[in-house]
Amino acid sequence: MVLASLVPSAIAHSADQDPVARGKAILEASGGCTCHTDVKGGGEPLAGGRPLKTPFGVFYSTNITPDPDTGIGRWTDADFLRAMHEGRSPTGSAYFPVFPYTSFTGMRDEDVLALKAYLFSLTPVHKQDRPPDAPAPFSWRIGAWAWQLAFFTPKRFEPDAAKSPAWNRGAYLVTAVAHCGECHTPRNLAGALDRSRWMIGSEDGPEGDLAPNLTPDDDTGLGNWTRTDLVWFLQTASMPDGDDATGLMKEVIEQGYAHLPESELQAIGEYLDSLPPVHNKLVEKKKERAD
């Protein structure tokens, strides 16, 4: 119980609010679940259909509005917990790991259920999910099941009693709710996160973008950023050099992180500052080519 107290069960400023309000705060801490909105295609918020490019093909996000036929409107609490924690559908089939359940598995039950309460408060959108544009076996559900057996173990976030409550809060947000590692950590040949290179940046983000190095390396990471720089960036998408974030990162800031209390952003900074600095030459070279 002492360890659990290091990580509040919901966003700190909304702990006394009803589940729907808390769930909205959880959604914002996740980056607004923007992958479930097909922005370029003019899709309805959270109704799915957004193309997510991977080395194995293009996968389309799902409808997470409470539509009973094409969304999650018939899901029970147990269904939602199973999806988020185990990467399994209500029928037991395995989800493709483009859905970041490998991070969401760390979320506490009460946060997951608050998120469900918020999603169920939204207007249902009738929109059928789209199958992936991927060759076999990557488009087979049995392939996703085999991938889970090889690379995925459900596990809740475990606070570190040797660290401060702010560090633990930041670690919980970064590793579980905000699922930052899903974009900012390289993957192995099978598409699983290479946790030996945690947060060092990835050459290929979910939409072909560069996902920067978030370790405190002075040359290729955030080593020259102050905590104020990071908080300002997560509030405005503006970087210390005057440039602005673009693409999916801009969306998750505008739809998510910008709405968080500063204490949450400070906690994220405390966790990221504690990571070992790693010089990522590959990311550096790709950035130079882009410039």
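Just so you know, all these numbers are worked out from the coordinates, no wet-lab data involved. Every value quoted in this text rests on a predicted model; they were computed, and no experiment measured them. Cβ sites come from the backbone with ideal geometry, for glycine too, and all protein chains shown count toward neighbours.
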Separation in nanometres of the label points that stand 7 Å from Cα toward Cβ, at residue 282 and residue 239: 2.0
Average Cα contact separation per residue, the chain, under 8 Å, 6 or more apart, as relative contact order %: 20
Leading residue at positive end of dipole, the chain (Cβ point charges), from 272, 60, 198: 60
Per-residue [θ]222 nm for the chain (sum of -39500 (n - 2.57) over DSSP H runs n ≥ 4, rounded to 500): -10000 deg cm²/dmol
J(HN,Hα) series, the range 211-220, from Karplus relation 6.51 cos²θ - 1.76 cosθ + 1.60, nearest Hz, glycine and proline x: 9, x, 6, 9, 7, x, 6, 5, 9, 10
Amide H contacts under 5 Å for residue 202, placed H, 5+ residues apart: 211
Centre separation in Å (Cα based) which lies between the range 126-203 and the range 248-282: 17
Cβ-derived FRET efficiency at R0 35 Å, residue 274 paired with residue 126, nearest 0.05: 0.15
Charge dipole (debye, nearest 20) of the range 4-151; +1 at Cβ of Lys and Arg, -1 at Cβ of Asp and Glu: 400
Estimated distance in nm for a label pair at residue 53 and residue 149, the labels positioned 7 Å out from Cα along Cα-to-Cβ: 3.3
Simple Cβ-charge dipole of the range 104-226, Lys/Arg +1 and Asp/Glu -1, about Cα centre, in debye nearest 20: 560
Label-reachable residues, the range 40-74, where backbone N falls under 16 Å from a point 7 Å from residue 190's Cα toward its Cβ: 56
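With +1 assigned to the C-beta of every Lys and Arg and -1 to the C-beta of every Asp and Glu, and no other charges, what is the dipole magnitude of the chain about the Cα centre in debye, to the nearest 20? Intermediate values should be presented prior to the final figure.
Details: 27 positive and 39 negative charges, 185 e Å.
The calculation lands at about 880 debye.
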Lysine pairs meeting the criterion (Cα under 21 Å, 8 or more apart or interchain), as found in the chain: 14
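Counting pairs of alpha carbon atoms under 8 Å apart in space and at least six apart in sequence, what relative contact order in percent does the range 4-151 give?
Numbers: 252 pairs, mean separation 40.7, N = 148.
After rounding, I find 27 percent.
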Residue-wise HN-Hα coupling along the range 49-58, computed from phi with Karplus coefficients 6.51, -1.76, 1.60 (Hz; x: Gly, Pro): x, 6, x, 10, 7, 9, x, 9, x, 9
Directionally averaged projected area (convex hull, Cα atoms, the range 20-153), nm²: 7.7
Rounded if a/c under 1.5, otherwise prolate or oblate - the chain, Cα gyration tensor axes: rounded
For the range 68-75, Karplus couplings with θ = phi - 60° (6.51, -1.76, 1.60), whole Hz, Gly/Pro x: x, 9, 10, x, 10, x, 9, 6
Under 5 Å, built H, 5+ apart or other chain: amide partners of residue 54: 59
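Please label the shape of the range 165-290 as rounded, prolate or oblate, based on the square roots a ≥ b ≥ c of the eigenvalues of the alpha-carbon gyration tensor (a/c under 1.5 means rounded; beyond that, a/b larger than b/c means prolate, else oblate). Intermediate values should be presented prior to the final figure.
On the way: a/c = 1.40, a/b = 1.24, b/c = 1.13.
Since a/c stays below 1.5, the shape of the range 165-290 is classed as rounded.
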5 angstrom amide H check on residue 48, placed H, neighbours 5+ away: 37, 38, 64
Residues residue 81 and residue 158, FRET efficiency given R0 of 25 Å [Cβ-Cβ distance, rounded to 0.05]: 0.90
